[in-house]
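See structure below.
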Amino acid sequence: MSAVSRETSERLATYAALLRQWNPKINLVSRATLEDLETRHIADSQQLFDLAPHPVQHWVDIGSGGGFPGLVIAICAMDSGSPQRVTLVESDQRKAAFLRTVIRETGAPAIVLAQRIEAIPAQQADVLSARALTDLSGLLEYAARHLMPEGICLFPKGATWQKEIDAARAQWRFDLQSVSSLTDPDAVILKIKGIARV
């Protein structure tokens, strides 16, 4: 994983502190994973930043929840200026309020759309990410609407990722590269482009 500046480390620490403070009230991540927040959520999200084809103009993270990976991406972007902007899509108003608080406290170059993914205008994303949102077929449906023709998707997936790919291929054609996760031996990040309906 690429090293980050001291300022970025401090901003990620601010984010982690806010998450621990808000989590008992709105359940941003499962309590069991809070102990290991820096690896399970922050480092897990950071690896997506390294897989993107920088420079990136617009990164869209759908179903952002507690901000993984989108908010981590936006904080990491402050070192390099890429992505130039990050859009976090989160329909839960309380989670959206949390995301806005972290953006304000860290100065991250991100905005929050507190609406359903289906309801927002097409986003023209260069990179589209989603973590623990829905199965791959559902993610590709969103990607078909919100991704630029040349854009790429980065989707972290757990142990059943191959089954999801097989199921998705019934409806979709796409170019796929699976990259082993640095934080979980059973997980991968699916790097997908060239999405078209079968």
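Values computed for the structure shown
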{"item": "Kirkwood hydrodynamic radius of segment 6-197, from inverse mean 1/r over distinct Cα pairs, in Å", "result": "16.6 Å"}
{"item": "Exposure proxy ranking, count of Cβ atoms within 10 Å, fewest first, for 102, 179, 60, 112", "result": "179, 112, 102, 60"}
{"item": "Helical mean residue ellipticity (222 nm; -39500 (n - 2.57) per DSSP H run of 4+; nearest 500) of the chain", "result": "-12000 deg cm²/dmol"}
{"item": "Whole-percent pair-distance distribution, where bins are 5 Å wide, for the alpha carbons of segment 54-137", "result": "3, 17, 29, 26, 17, 7, 1, 0"}
{"item": "Footprinting exposure proxy for 142, 15 (fewest neighbouring C-beta atoms within 10 Å first)", "result": "142, 15"}
{"item": "Under 5 Å, built H, 5+ apart or other chain: amide partners of residue 64", "result": "89, 90"}
{"item": "Positive-pole candidate from 56, 134, 113, dipole of the chain, charges at beta carbon", "result": "113"}
{"item": "Lysine pairs within the chain, Cα separation less than 20 Å, 8 or more sequence positions apart or different chains", "result": "5"}
{"item": "FRET efficiency for residue 21 and residue 51, using Cβ-Cβ distance with R0 set to 35 Å, rounded to 0.05", "result": "0.70"}
{"item": "Coil-residue GluC sites (Glu not before Pro) of segment 1-100, DSSP, other Cβ within 10 Å capped at 10", "result": "35"}
{"item": "Highest-MSF residue in the chain out of 74, 168, 130 [GNM, Cα springs under 10 Å]", "result": "168"}
{"item": "Estimated distance in nm for a label pair at residue 10 and residue 31, the labels positioned 7 Å out from Cα along Cα-to-Cβ", "result": "3.4 nm"}
{"item": "Length added when fully stretched, residue 84-residue 198, from 0.36 nm per residue minus Cα-Cα", "result": "37.7 nm"}
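Read the figures in this text as sums done on the coordinates, not as results from a lab. In this text the structure is predicted, and so the values were computed from the model without any measurement. Glycine gets a Cβ as well: all are built from the backbone with ideal geometry, and neighbour counts include every protein chain shown.
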